[in-house]
Amino acid sequence: MCGIVGYLGKGRALEVILDGLRRLEYRGYDSAGVALVASGKLQVVKSVGKIRDLERRIWALSGEEAYHLGIGHTRWATHGRPNETNAHPHVAGPIALVHNGIIENYLEIRKELELAGYTFQSDTDSEVVAQLVRFYYQGDLFQAMGKAIDRLEGSYALAVISEEEPQVLVGTRKDSPLVLGLGEGEYFLASDVPAILPYTRRIVLLENWDRVVVNPQGVVVVGADGKKVDRPFQEITWSMALAEKAGYKHFMQKEIFEQPRALADTIGAYVSPAKGDIFFPEGELGEGVFSRIVLVACGTSWHAALVGRFWIEAQARVPVDVEVASEFRARNPILDGGTLVIPISQSGETADTLAALRIAHEKGARTLAVCNVVGSSIAREAQGVIYSYAGPEIGVASTKAFVTQMVILYLFSLKLGLVRGMLERGDVSWRLKEVLSLPRKMEEVLSHEEDVSTLARELYHVQDFLYLGRWLNYPIALEGALKLKEISYIHAEGYPGGEMKHGPIALIEEGLPVVAIAPRDVVYEKMVSNVEEVRSRGGQVILVGFSGDPLEQRVDRFLEVPPVDGTLTPFLTVLPLQLLAYYIADKKGCDVDQPRNLAKSVTVE
Ligand code: F6R
């Protein structure tokens, strides 16, 4: 995880780096630091905590009016506690370096350098890289960095400067993201695009092993084979407003309310209402001759996969396995050329999902990624990619990416059903009509936010929650529980309703809030029984159901969603659960967008 920024240009290094780090805080926020070069000397300021804590210490810089060169870092600790010494940038002689990733062979290199007389201040793997660059440094930073990375095992995005070369910024990446921004007489390095979007829209997505050197004459990128490569820039078209709060108190709140738009954009990218058909990038599905599909993901994306399995199996009649990426890679999975592996990832950088994708390739499976971040590692390495159009998701808790992942899986199931002859055109066209009605129905659910915030005010002090759902809404129960845990730190369990009597029913006591997700679908009657079981044991039932449901009279709280085809309910039922988690966390005074111990992009295993 961690976020890095680098700047070379017109004298606003400090401003650009701090601003970029603020936008990268979602990647980690337990300490931060900047290194700038002024009058041929490095100046470094670090602080434990967030960027605002770092800003309070900026006075410690010499007061130089304009810095032309600098790097910055916001950290999510992996090696070494979050303290000032372990914070980046790490300084080694004239060199300062920031790192995102994990160096697996750092202990071995550290020992070697210690024997050569080098001393270390921190416990980090990153300082080893800084010392290694120093070890090779003979006045040419680019060359020294190149020699250093030849020794590294693991993942890294690096930005490096030297006080002896005040007009040179170098960077490189392997399995951690790094983009290069091209301004007018200014150059930027950053872990992602929004960090530098206010300053330039011309972005180069660096490839694994690329090394870049920037100086006032321009930019040179060298590829894995050591030869100069031409990496074309892309003009970023989405607006900064999409990556800003736009009047909402938190990014998560804004992103919850953006969901109808995100869904409509994603549907619009692939569905032709006039033709009643779905068009994915050419060739993504081939003839649809897969004997098996494996959906692989982590966290909320895994929940989307769990929902997607129902649709693909029902509509395309292909067996589907759903795998937590870290477990999948741990057990030497059985795959072959008849298997399609679909990694699902908002960031496209999740280390376990990326590793699962690589295993799929090693074993000869075909791969098709579902990603939100264009040009991310997973999107680039998969044989095909279907992008979601959620726009940048900044809140650590995933919301809009989740619904767009689901809609892609739904559309995928329809298209595959068509290609495999399991669905008639007529089936697809009425289902598409239902899908096209979802954004409006989502607006309707979100318009009841006041009911949810009232409920949150009543429940925010509670210690435990239970979430129950069946069939398509079992993953939604898991998702509701995950949202609550991660942003409000309240213990919550998601369970399939049918499993209640096999254990969790013992948890039910007077007043325990039980969120029952029970739209009128094929398992509705069974959920009604669960609701009665909870009520008879004194549990407090919060029912998520279709407007006008007679159960409304029999439960403690009712959160309504408009009726929709029974196979599409997750798009609506998840919304009150996101809102509930959000309002409870806000009422408790939690840091909603940056919950403790978490980071948006989990680029470590
Ligand atoms: C939870 C959440 C995480 C992510 C998970 C996978 O709200 O955001 O559980 O879903 O870390 O991330 P991606 O989708 O980027 O691979």
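The values are calculated or read from the model by the stated rules, or taken from the named source; none is laboratory data. A quick note: this is a predicted structure, and the numbers were derived from the prediction, not measured. Methodologically, a virtual Cβ is constructed for each residue, glycine included, from the backbone with ideal geometry; neighbour enumeration extends over all protein chains shown.
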If I filter the stretch 383-400 for residues that are more than 11 Å from the ligand (Cβ to nearest atom), surrounded by fewer than 24 Cβ atoms within 10 Å (Cβ to Cβ) and part of a helix (DSSP H, G or I), do I get at least one hit? no
Odd one out for Glu525, checked against (1) within 34 Å of the chain's Cα centre (by Cα); (2) more than 30 Å from Tyr248 (Cβ to Cβ); (3) of a type outside the set (A, V, I, L, M); (4) at pLDDT 95 or above: (1)
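Could you pull out every one of the strands (runs of 3 or more DSSP E) wholly within the stretch 460-565 that has 3 or more residues that are touching a residue at least 40 places away in the same chain (Cβ under 8 Å) and within 21 Å of Tyr583 (Cβ to Cβ)?
464-469, 513-517, 557-561
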If you take just the strands (runs of 3 or more DSSP E) that sit entirely in the stretch 100-197, which of them hold at least 1 residues that are over 25 Å from Ser39 (Cα atoms)? 154-162, 169-174, 179-182
Please find, within the stretch 296-322, the residue that is surrounded by the most Cβ atoms within 10 Å (Cβ to Cβ) out of those that are assigned to a strand (DSSP E or B) and touching a Phe, Trp or Tyr at 6+ places or on another chain (Cβ under 8 Å). Val296
Could you tell me how many of the residues in the stretch 348-364 are hydrophobic (A, V, I, L, M, F, W, C), buried (at least 24 other Cβ atoms within 10 Å of the Cβ) and either farther than 22 Å from Leu206 by Cβ or within 8 Å of the ligand (Cβ to nearest atom) (or both)? 2
Within the stretch 587-598, can one find any residue that is away from the ligand (no atom under 16 Å from the Cβ) and surrounded by 16 or more Cβ atoms within 10 Å (Cβ to Cβ)? yes
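Yes/no matrix, rows are residues, columns are (1) of a type in the set (D, E, K, R); (2) in contact with a Lys or Arg (Cβ under 6 Å, 6 or more places away or on another chain); (3) closer than 24 Å to Asp265 by Cα:
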residue	(1), (2), (3)
Met422	no, yes, no
Val435	no, no, yes
Leu472	no, no, yes
Glu486	yes, no, no
Could you say whether any residue in the stretch 459-469 is within 15 Å of the ligand (Cβ to nearest atom), surrounded by fewer than 18 Cβ atoms within 10 Å (Cβ to Cβ), farther than 30 Å from Ile359 by Cβ and not basic (Lys, Arg)? no
